[in-house]
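K.L.:
To start, I am sharing the structure in question, which I have written as structure tokens.
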Amino acid sequence: MLMDTFFQSHGIKMEIERNGEVIEDTIGLPNHEKSTGKAYIGFRPGTDVTAGDIVINQSGDRFYIVDTESSYFQKQLQQIKAYSISEREYLSQKQQSQSTVFNIGTAYGSVIGTANTATINYQSSIEELRNRVSNDTSPDREQMDRLLDLLQMVIDNQVPAQKGLFAKFSAVMEKHSWLSSAVASTLLSWLT
């Protein structure tokens, strides 16, 4: 067969490793598809290669097989294409899938992490707001304290949440945007 001759004259020696053991010594032809640019190693029909195997060339380079496909020409099986990635690519993909990155800006009342459940402590959020208000030198401090008292009563279910409840504090919240966003965030967290 013409392909056998081609493999013998142009192929290189390779080992196929599965589950940490070499299962076959064979001849392979490193190549890539022109249409997709995907790298593959061509093997003779009947070669036992499958996704998850590692192919090691005669230089010791390791290639991780991600997929295989039978390649036909004129109704004849010509080769097994073992699509591969280099060891460096494999380790990079593995590292990316294992690491989780959280980019966090302001996170009042947010739940952050990979846990399935969360406990939100509104008391600490309001306590942080009280500390900030007590350090504020604004003449509106008394109004801010009353606003936080009302917020505390709403969260503790002492006062029902209703439209216009915080209307008398609108001027204070307008002057201190950090306060209005913190109150809104706390209320939204409580409601949801």
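The values are calculated or read from the model by the stated rules, or taken from the named source; none is laboratory data. Because the structure is predicted, anything quoted here is derived from the model rather than measured. With ideal geometry, Cβ positions are generated from the backbone for all residues, glycine too; neighbour counts draw on all protein chains shown.
K.L.:
Taking the range 72-90, which residues are surrounded by 13 or more Cβ atoms within 10 Å (Cβ to Cβ) and not aromatic (Phe, Trp, Tyr)?
P.N.:
In the first step, residues of the range 72-90 are kept if they are surrounded by 13 or more Cβ atoms within 10 Å (Cβ to Cβ); the result is 77-87, 89-90.
Of everything in the range 72-90, those that are surrounded by 13 or more Cβ atoms within 10 Å (Cβ to Cβ) and not aromatic (Phe, Trp, Tyr) turn out to be LEU77, GLN78, GLN79, ILE80, LYS81, ALA82, SER84, ILE85, SER86, GLU87, GLU89.
K.L.:
In addition: Being at pLDDT below 60 and loosely packed, with under 11 Cβ neighbours inside 10 Å is the requirement here; does GLY109 meet it? Break it down into steps so the answer makes sense when it comes.
P.N.:
Values: at pLDDT below 60: yes; loosely packed, with under 11 Cβ neighbours inside 10 Å: no.
Judged against the criteria, GLY109 is not a match.
K.L.:
Taking the options GLY37, GLY28, GLY60, name whichever one is under 21 Å from MET3 (Cβ atoms) and of a type outside the set (D, E, K, R). Break it down into steps so the answer makes sense when it comes.
P.N.:
Numbers: GLY37 fails: under 21 Å from MET3 (Cβ atoms); GLY60 fails: under 21 Å from MET3 (Cβ atoms).
Residue meeting the stated conditions: GLY28.
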